[in-house]
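Right, one structure below, let's go through it.
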Amino acid sequence: MLKSREEIVDALRNVIDPEIHINIVDLNMVKDIKIGKDNVELLIALTIPGCPLAKTISSDIEKSLAKIGISKVSVQTTAMTQEELEQVRKMLQQRMASGQGHGSHGAAGIDRLDSKGIENIIAIVSGKGGVGKSFTTSLLAVELRKQGYEVGVLDADITGPSQAKIFGLTQRPVGTPQGVLPVETKTGIKVISMQLLVDDAKKPTIWRGPIINNLIRQLYLDVNWGDLHYLLIDLPPGTSDAPLTVFQSLPLTGVVVVTTPQDLAKLIVTKSVNMAKTLNVPILGVIENMSYVICDHCGKKMEIFGAPKGELLAKDIDAPFIGLVPIDPKIAELSDNGMIENYQSKVFAEITNNIVRNVQKFSEGAPKVLPISWKSKKLPIVK
């Protein structure tokens, strides 16, 4: 029996893109349908030429049409144009921003993810690359650990991970029935990074945005973090799908913003701040990195990138300003050698205290249930 175009389209709504997790009809992948007496010919536009999952999509199409009595199916594939890809990208961002995630078969909104025994989740954002976001994340983790907190670091910069190198980690995470165990540093900081999961860290990670988004969620959900007081998320720069996934999916306590004295950095960082505010994520504080350098010979303080602007930025975005960080060659040396935990910094100790204080302020009046293992542990309260 001949099937109508509407019946075929309805059947194709059951075919889900394996990476984006939205049906191929809503993704506008179905470009042409030719209905014969006893067969159907389809033209499907893939999001990338030569997609490795093309056979999977074709097989799913055949299975879905077989359920409505169509046994002869011919599937031809082409690639989306740049305009069509841009439409897909905008649709995904709109779905994430509205809490729909990637559809019923994929990533969910924030209500789908719980805290997993983690009391505070803080994302470190910059908007602009090269401002020291990753080193800030690592040093905050080090200082929090020194204060007696249980700390974890999730390296969400999938295409440019650096946390494993900074902490000197090479051991692969181990899978268990309870989840993947993160690798621990010398002082007990739990770290998960794409750099620890690939066979060759020098090979580029060439993945589409939806794959990266799902991987970020997996690094949170599938990892057995245990009981943590703080989980720090090292975000990639910009306001792309990856930061949006973290903002929308993870139960964030807030974000820490890293900037530098340049006006360009301020302009781009503001975009990330506005993104966080749009999604109702609290700003815990603004850190200005590379604010000055102390001369080894005369001890003079030199502002080589101009006068500090971090405090003005914090005022403009109505957020707490929590500190100026100097340029220190020791940081690069220790990071290159995986020994960042050996770094001593009064500046970062104070910045960490400011963040803890602000977390406590945001948490005032909100009931928090600590896991049993914490009840007998006395933790520092910053006043």
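The values are calculated or read from the model by the stated rules, or taken from the named source; none is laboratory data. Predicted, not measured: the structure shown is a model, and the values here were computed from it. When we count neighbours, we look across all protein chains shown, and the Cβ atoms used for this are built from the backbone with ideal geometry, even at glycine.
Could you tell me how many of the residues in region 23-75 are within 27 Å of the chain's Cα centre (by Cα) and among the β-branched types (Val, Ile, Thr)?
Final tally of qualifying residues: 3.
Taking region 3-16, which residues are under 22 Å from LYS55 (Cβ atoms) and touching a Gly at 6+ places or on another chain (Cβ under 9 Å)?
ILE16
What are the residues in region 166-184 that are surrounded by 20 or more Cβ atoms within 10 Å (Cβ to Cβ) and either among the small types (Gly, Ala, Ser) or closer than 30 Å to TYR292 by Cα (or both), if any?
Residues satisfying the conditions are ILE166, PHE167.
What single numbered condition from (1) at pLDDT 85 or above; (2) in a helix (DSSP H, G or I) fails to hold for THR78?
Only one criterion is unmet by THR78, namely (2).
How many residues does region 250-275 contain that are surrounded by fewer than 24 Cβ atoms within 10 Å (Cβ to Cβ) and small (Gly, Ala, Ser)?
1
Consider THR56 against the criteria (1) part of a helix (DSSP H, G or I); (2) of a type in the set (Val, Ile, Thr); (3) crowded, with 19+ Cβ neighbours inside 10 Å; (4) without any contact (Cβ under 8 Å) to a residue 40 or more places away in the chain: it satisfies all of them except one. Which criterion is unmet?
Result: THR56 fails condition (3) only.
Inside region 267-303, can you point out the residues that are closer than 16 Å to ILE331 by Cβ and without any contact (Cβ under 8 Å) to a residue 24 or more places away in the chain?
ASP296
So, in region 115-154, exactly how many residues are touching a strand residue (DSSP E or B) at 6+ places or on another chain (Cβ under 6 Å) and of a type in the set (D, E, K, R)?
4
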